Amino acid sequence: METKVIRSHRRRRTVSARFADGIIYIYAPVGISDEKLTEVIKNFKRRFERRKLKKELNIKENLNEVAQRLNKKYFGGKLKIESIEYAANQDKIFGSCNYRRGTIRISHRLAEMPQWVRDYVIVHEMVHIIQPNHSKSFWDIVSQYKLAERARGYLIAKGFEPEAESDIEI
Ligand SMILES: [Zn+2]
């Protein structure tokens, strides 16, 4: 991503940015140090790149369709999912579920993994809508997905922590 820095005398301390036509425009005060500016550019770049990635992944693949297929197969089509989409800021957790809202986010890292691993994560997060914990009853439902154990092993090997409670949003 190309960046263009616009320095302004009117700006005192704050730096802002906007993204247009593939270019990141950075608006910075004249007095900002090069070191600070480099850091700020790096952060904005990361933020815009993640936003772009998220958009691209969700255009490429409609996770709602995947979730509805899994809903029919494992929940008799009865599970209420408000929304499901890829997120680009989940590096350490494979996904997350806000069970109150019925919203699910899936890590961008799953987009590059085999479909059966991604489907496992989707099923895992879907079960959290009715079981917001990692209790025995939670795993009983999850294990209806036949490749659950294998998928968990796969995710551990990729550095994810399948037992962490961090995928449950409170
Ligand atoms: Zn979980």
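The values are calculated or read from the model by the stated rules, or taken from the named source; none is laboratory data. Quick caveat: nothing in here was measured; it's all calculated off a predicted structure. Cβ atoms come from the backbone with ideal geometry, glycine included; neighbour counts cover every protein chain shown. These area figures cover heavy atoms from the full protein model, side chains too; ligands, DNA and RNA do not enter into them. Shrake-Rupley method; radii C 1.70, N 1.55, O 1.52, S 1.80 Å.
For the stretch 146-170, a tally of residues being surrounded by 13 or more Cβ atoms within 10 Å (Cβ to Cβ), within 13 Å of the ligand (Cβ to nearest atom) and of a type outside the set (Asp, Glu) returns 7. Residue pairs whose Cβ atoms lie under 7 Å apart, sitting 6 or more positions apart in sequence or on different chains, and linking a residue in the stretch 110-134 that is over 15 Å from ILE170 (Cα atoms) and open to solvent by less than 30 Å² (accessible area, probe 1.4 Å) to a partner that is within 11 Å of the ligand (Cβ to nearest atom) and assigned to a loop (DSSP other than H, G, I, E, B), are LEU110/PHE94; VAL121/PHE94. Looking at HIS124, HIS134, just one residue is of a type outside the set (A, V, I, L, M), within 15 Å of the ligand (Cβ to nearest atom) and not in a loop (DSSP other than H, G, I, E, B), and that residue is HIS124.
Against the numbered list (1) at pLDDT 95 or above; (2) within 16 Å of the ligand (Cβ to nearest atom); (3) in contact with an Asp or Glu (Cβ under 7 Å, 6 or more places away or on another chain), LEU79 comes up short only at (3).
Kindly indicate which of GLU125, GLU85 is among the acidic types (Asp, Glu) and out of contact with any Asp or Glu (no Cβ under 9 Å at 6 or more places or on another chain).
Values: GLU125 fails: out of contact with any Asp or Glu (no Cβ under 9 Å at 6 or more places or on another chain).
Of GLU125, GLU85, the one residue that is among the acidic types (Asp, Glu) and out of contact with any Asp or Glu (no Cβ under 9 Å at 6 or more places or on another chain) is GLU85.
Taken over the stretch 82-98, the criterion of being acidic (Asp, Glu) and either surrounded by 14 or more Cβ atoms within 10 Å (Cβ to Cβ) or at pLDDT 95 or above (or both) is satisfied by GLU82, GLU85. When ILE104 is tested against (1) open to solvent by less than 40 Å² (accessible area, probe 1.4 Å); (2) out of contact with any helix residue (DSSP H, G or I) (no Cβ under 9 Å at 6 or more places or on another chain), exactly one condition is not met: (2).
Within 12 Å of the ligand (Cβ to nearest atom), not β-branched (Val, Ile, Thr) and not assigned by TED's automatic domain parsing to the domain that holds ARG50: does that describe ASN89? Explain how you work it out, then say what you get.
Values: within 12 Å of the ligand (Cβ to nearest atom): no; not β-branched (Val, Ile, Thr): yes; not assigned by TED's automatic domain parsing to the domain that holds ARG50: yes.
No.
Contact map, the stretch 43-72: residues that are within 20 Å of HIS128 (Cβ to Cβ) and open to solvent by less than 70 Å² (accessible area, probe 1.4 Å) paired with residues that are assigned to a helix (DSSP H, G or I) and among the hydrophobic types (A, V, I, L, M, F, W, C), Cβ distance under 8 Å, separation 6+ or inter-chain. Pairs shown: LEU63/ILE122; VAL66/ILE122; ALA67/ILE122; ALA67/MET126; LEU70/ILE122; LEU70/VAL123; LEU70/MET126; ASN71/MET126.
Could you count how many residues in the stretch 91-117 are assigned to a loop (DSSP other than H, G, I, E, B) and not basic (Lys, Arg)? Outline the logic, then answer.
Keep residues of the stretch 91-117 that are assigned to a loop (DSSP other than H, G, I, E, B), which gives 91-94, 99-102, 113-114.
With not basic (Lys, Arg) added as a condition, the list becomes 91, 93-94, 99, 102, 113-114.
Here the count works out to 7.
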